[in-house]
Amino acid sequence: MREIVLDTETTGFEPEQGDRIVEIGAVELFNHVPTGNTYHQYINPERSMPQEAFAVHGLGDDFLRDKPVFAKIVDEFRAFIGDSKLVIHNAAFDVKFLNAELRWANRPTLAKDCAIDTLDIARRKFPGSPASLDALCRRFGIDNSSRTLHGALLDSEILAEVYLELIGGKQPDFGLTAASSTPSVGETVTNWRPKPRSTPLPSRLTDTEKAAHAAFVGKLGENAIWNRS
């Protein structure tokens, strides 16, 4: 199962009022384990940066001026996320911006059910408690000391840790649902199933141990479980 933990930084709150995405960060999970594959891109918003947004992420006009516009990176971005489920904190916000940018780039938009919202999970799991990313890091003991400003890739990496804690631990399936090697993007994954050994292992019991066991079973009578066919 492939999932993409994703975060964006923007110029504001409303794409329909002219706000744009300025950074995308994403982390790949396979069977709830980070693979090390990431996506990170700064984007020229083709507009000036409001001071309020700059105070949040520190991405200013001079820094973003030579970065590609969204239409130039859209296909690379879509290729990375593929059809995988997205994991986003406050998913409605990011999906709203992504769909606006995709629409302006004449690309298909994301489906309504494309994302798992970790904010919603946290609010249901801990009703009445703070559910921000920082608050969840404190709850789960996750180090976010490097998060002095919002950054899409760093926030995605932190959110990946938070998400795995929210769903029950870092490796809820103990890694038994897939082969030991981690697939890269685009690889076909075949579900692993246990099979009988082609050559049975030899018995490790000695003749003395076998005789002792037979004597023990003999004392239990003919109804002993070892005598049942």
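Taking the stretch 196-212 as the region of interest, how many residues are surrounded by 10 or more Cβ atoms within 10 Å (Cβ to Cβ) and modelled with pLDDT of 80 or more? Spell out the reasoning first.
First pass over the stretch 196-212, keeping only residues surrounded by 10 or more Cβ atoms within 10 Å (Cβ to Cβ): 205, 209-212.
Checking the rest, the ones that are also modelled with pLDDT of 80 or more come to 210-212.
Looking only at that region, the number is 3.
For residue 13, state whether it is in contact with a Lys or Arg (Cβ under 6 Å, 6 or more places away or on another chain) and at pLDDT 95 or above. Please lay out each step first, then the result.
On the way: in contact with a Lys or Arg (Cβ under 6 Å, 6 or more places away or on another chain): no; at pLDDT 95 or above: yes.
It is false that residue 13 is in contact with a Lys or Arg (Cβ under 6 Å, 6 or more places away or on another chain) and at pLDDT 95 or above.
Given (1) touching a residue at least 12 places away in the same chain (Cβ under 8 Å); (2) open to solvent by less than 50 Å² (accessible area, probe 1.4 Å), where does residue 157 come up short, assuming only one miss?
So residue 157 meets the others, but not (2).
Which members of the stretch 44-63 meet the condition of being open to solvent by less than 50 Å² (accessible area, probe 1.4 Å) and either within 15 Å of residue 150 (Cβ to Cβ) or modelled with pLDDT under 95 (or both)? Spell out the reasoning first.
Taking the stretch 44-63 as the starting set, the residues that turn out to be open to solvent by less than 50 Å² (accessible area, probe 1.4 Å) are 44-45, 49-50, 53, 57-60.
Within the stretch 44-63, 49, 50, 53, 57, 58, 59, 60 meet the criteria.
Name, by its number, the condition in (1) in a helix (DSSP H, G or I); (2) at pLDDT below 75; (3) open to solvent by less than 100 Å² (accessible area, probe 1.4 Å) that does not hold for residue 218.
(2)
For the stretch 88-147, which fully contained helices (runs of 4 or more DSSP H) count at least 1 residues that are in contact with a strand residue (DSSP E or B) (Cβ under 8 Å, 6 or more places away or on another chain) and of a type outside the set (Gly, Ala, Ser)?
In the stretch 88-147, the matching helices (runs of 4 or more DSSP H) lie at 91-104, 118-125.
Cβ-Cβ under 9 Å, sequence separation 6+ or interchain: first residue in the stretch 139-151 and over 14 Å from residue 58 (Cα atoms) and open to solvent by 70 Å² or more (accessible area, probe 1.4 Å), partner assigned to a loop (DSSP other than H, G, I, E, B) and at pLDDT 90 or above. Which pairs?
Hits for this filter: 139/126; 139/129; 139/130.
Sort out which residues of the stretch 63-87 are among the charged types (D, E, K, R) and in a helix (DSSP H, G or I), and write them in order of number. I'd like the intermediate steps shown before the answer.
Step one: of the stretch 63-87, the residues among the charged types (D, E, K, R) are 65-67, 72, 75-76, 78, 83, 85.
Passing the criteria: 72, 75, 76, 78.
Across the stretch 1-27, what is the total count of residues that are of a type outside the set (A, V, I, L, M), touching a Pro at 6+ places or on another chain (Cβ under 7 Å) and closer than 21 Å to residue 133 by Cα?
Step one: of the stretch 1-27, the residues of a type outside the set (A, V, I, L, M) are 2-3, 7-20, 23, 25.
Keeping just the survivors that are touching a Pro at 6+ places or on another chain (Cβ under 7 Å) gives 11-12, 20.
Subsequent filtering for residues that are closer than 21 Å to residue 133 by Cα retains 11-12.
Going through the stretch 1-27 one residue at a time, the tally reaches 2.
All but one of (1) open to solvent by 60 Å² or more (accessible area, probe 1.4 Å); (2) of a type in the set (S, T, N, Q); (3) more than 22 Å from the chain's Cα centre (by Cα) hold for residue 90; which doesn't?
Status for residue 90: all satisfied but (3).
Can you name every residue in the stretch 1-19 that is crowded, with 21+ Cβ neighbours inside 10 Å and closer than 16 Å to residue 57 by Cβ?
Just the residues of the stretch 1-19 that are crowded, with 21+ Cβ neighbours inside 10 Å, to begin with: 4-11.
Passing the criteria: 6, 7, 8, 9, 10, 11.
Would you point out the residue of the stretch 116-134, among those that are under 18 Å from residue 87 (Cα atoms) and without any contact (Cβ under 8 Å) to a residue 40 or more places away in the chain, that is surrounded by the fewest Cβ atoms within 10 Å (Cβ to Cβ)? Before the answer, list the steps.
Taking the stretch 116-134 first, the residues under 18 Å from residue 87 (Cα atoms) are 116-125, 131-134.
So of that shortlist, the ones also without any contact (Cβ under 8 Å) to a residue 40 or more places away in the chain come out as 117, 119-120, 123-124, 131-132, 134.
Values: 117: 18, 119: 17, 120: 15, 123: 14, 124: 10, 131: 20, 132: 12, 134: 12.
Filtering the stretch 116-134 for residues that are under 18 Å from residue 87 (Cα atoms) and without any contact (Cβ under 8 Å) to a residue 40 or more places away in the chain, the one surrounded by the fewest Cβ atoms within 10 Å (Cβ to Cβ) comes out as 124.
Please pick out the residue among 78, 103 that is over 16 Å from residue 10 (Cα atoms) and under 19 Å from the mean Cα position of the chain (by Cα). Don't jump to the end; show me each part of the working.
Details: 103 fails: under 19 Å from the mean Cα position of the chain (by Cα).
78 is the lone residue from the list that is over 16 Å from residue 10 (Cα atoms) and under 19 Å from the mean Cα position of the chain (by Cα).
The values are calculated or read from the model by the stated rules, or taken from the named source; none is laboratory data. Source: prediction; values computed, not measured. Note that we place each Cβ from the backbone using ideal geometry, even for glycine, and neighbour counts take in every protein chain shown. We work out accessible area using only protein heavy atoms, side chains counted, and drop any ligands, DNA or RNA first. Shrake-Rupley method; radii C 1.70, N 1.55, O 1.52, S 1.80 Å.
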